[in-house]
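The values are calculated or read from the model by the stated rules, or taken from the named source; none is laboratory data. Quick caveat, the model's predicted, so the values are computed rather than measured. Quick reminder, even Gly has a Cβ in these numbers, built from the backbone with ideal geometry, and neighbours come from all protein chains shown.
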Amino acid sequence: MNRLLIKNGRIVDPANKIDGLFDVYCVDGKIVEIIPPNPPLEKGGASGDFKVIDATGLFVFPGFIDMHTHLREPGYEYKETIKTGTMAAAAGGFTSIACMANTNPVNDNSSVTDYILKKAKEEGIVNVFPVGAISKGLRGETLAEIGELKDAGCVAISDDGRPVLNSNLMRLAMEYSKLFNLPIISHCEDLSLALDGVMNEGFIATKLGLKGIPNAVEDIIVARDIALSELTGAKLHIAHISTKGAIELVRNAKQRGLNVTAEAAPHHFTLTDEAVTGYNTNAKMNPPLRSPEDVKALKNGLKDGAIDAIATDHAPQNIDEKDVEFDKAANGIIGLETAFSLSLRLVDEEVVSLNALVEKLSANPAKILGLHTKGSLKAGNDADITIVDLNKEWVVDASKLKSKSKNTPFGGWKMKGKVIKTIVGGRVVYEG
């Protein structure tokens, strides 16, 4: 029998409305009880030998859930594998991750979903939840077998990495997703307007002589998808939101009672397009890093609840795909291992409270993805737990990160807030 006792930690569990010093009892991968410190071990029927973790001076959170990760397997194992990706997730405090469908072959059928789940069971150290494709081959032409994907274990559908530009196909996808109670995670990008843009349109792009991507590229598809969500009643989740206009559209949709949620990535609320200066390809991503005005809007959206979740959009790229001219470089950065420390800055800046931050990293992603036994530390839930030291400082050394790829713009940054232990199903899978 697997017994774990986490003693004397400060529990912050927004979904359970708990914030204080408590002990957490876990038996056979489930949370049994949360009670004030120093009770007898027999309390609540939990008896026998417990492995004890002394969390004095530390914070104990529901395990973080990243609802937007690229694990690259199958097909691109030279960038990342399920094994290395889950190791990076654990190091970042993530006990569950949802992996996007843009693999090779694309996760548009049950065979690929089965493969991902099998590999995750054999080699992964955190929970892996596949996201199935909206369209076959991510081509945006015909729908994938959405019911088959749901039955195989997919928790959402998305063509992330590419937008679904055919509005009728997106409408049909929403109607089917509603039948199967799956959220649609939308990559909002008008490709005809983006053209060959490689960074945010503005002063920095002009200065560097690089083709810019205007905010309207995102805003147009966000507006369309909200209209389709209103038409169909489907659950719509906006991935990696980055513009002031898109945030306002989501805020308005929520005020009108629509079933619309959104996520923001730490790089988008931490950096501006100025990070591209010097043609830094580790600052090249899609959506691109935006203006200071957009960063301010992201923080306001996180503050007032227009943005529900923080997700990494962890996108490993091999050095050969980044060590090239800026316009030829691949998009994306790794984000699992720096996400918490970057997000903690929001608390120091008084953008959000610690409770609100934890909610955006745990309870809200669990709710959006329908992970009913995750996201809180209530009795009966899975014993997925993240223990952190909010004051511990560390420096990002890309060479020491667990991810197979090292494409981060945060190398050398001094961070505050460190994951000390990550616990999945009552077992410690990472110790910092």
Flag for ILE125 being assigned by TED's automatic domain parsing to the domain that holds TYR78, outside any helix (DSSP H, G or I) and touching a Phe, Trp or Tyr at 6+ places or on another chain (Cβ under 8 Å): yes
Search result, residues across segment 268-325 that are in contact with a Ser or Thr (Cβ under 8 Å, 6 or more places away or on another chain), within 20 Å of LEU336 (Cβ to Cβ) and surrounded by fewer than 19 Cβ atoms within 10 Å (Cβ to Cβ): ASN318, ILE319
Test: residue in segment 160-170 that is within 30 Å of GLY63 (Cβ to Cβ), part of a helix (DSSP H, G or I) and either in contact with a Ser or Thr (Cβ under 9 Å, 6 or more places away or on another chain) or not small (Gly, Ala, Ser) (or both): no
Sole residue being in the same structural domain as LEU195 (by TED's automatic domain parsing), in a loop (DSSP other than H, G, I, E, B) and of a type outside the set (Val, Ile, Thr), chosen from GLU293, GLU274, GLU350: GLU350
Unique residue being among the aliphatic types (A, V, I, L, M) and within 26 Å of GLU77 (Cβ to Cβ) when the list is ALA311, ALA383, ALA366: ALA311
Criterion: polar (S, T, N, Q), under 28 Å from ALA339 (Cβ atoms), in the same structural domain as THR408 (by TED's automatic domain parsing) and in contact with a Gly (Cβ under 9 Å, 6 or more places away or on another chain) - qualifying residue of THR95, THR56, THR86: THR56
Close pairs from segment 105-134: first free of Cβ contacts under 8 Å to residues at least 60 places away in the same chain, partner surrounded by fewer than 21 Cβ atoms within 10 Å (Cβ to Cβ) and part of a strand (DSSP E or B), Cβ under 9 Å, at least 6 apart: ILE134/LEU143
Residue match in segment 141-155 (condition: touching a strand residue (DSSP E or B) at 6+ places or on another chain (Cβ under 8 Å), farther than 23 Å from HIS267 by Cβ, of a type in the set (S, T, N, Q) and surrounded by fewer than 19 Cβ atoms within 10 Å (Cβ to Cβ)): yes
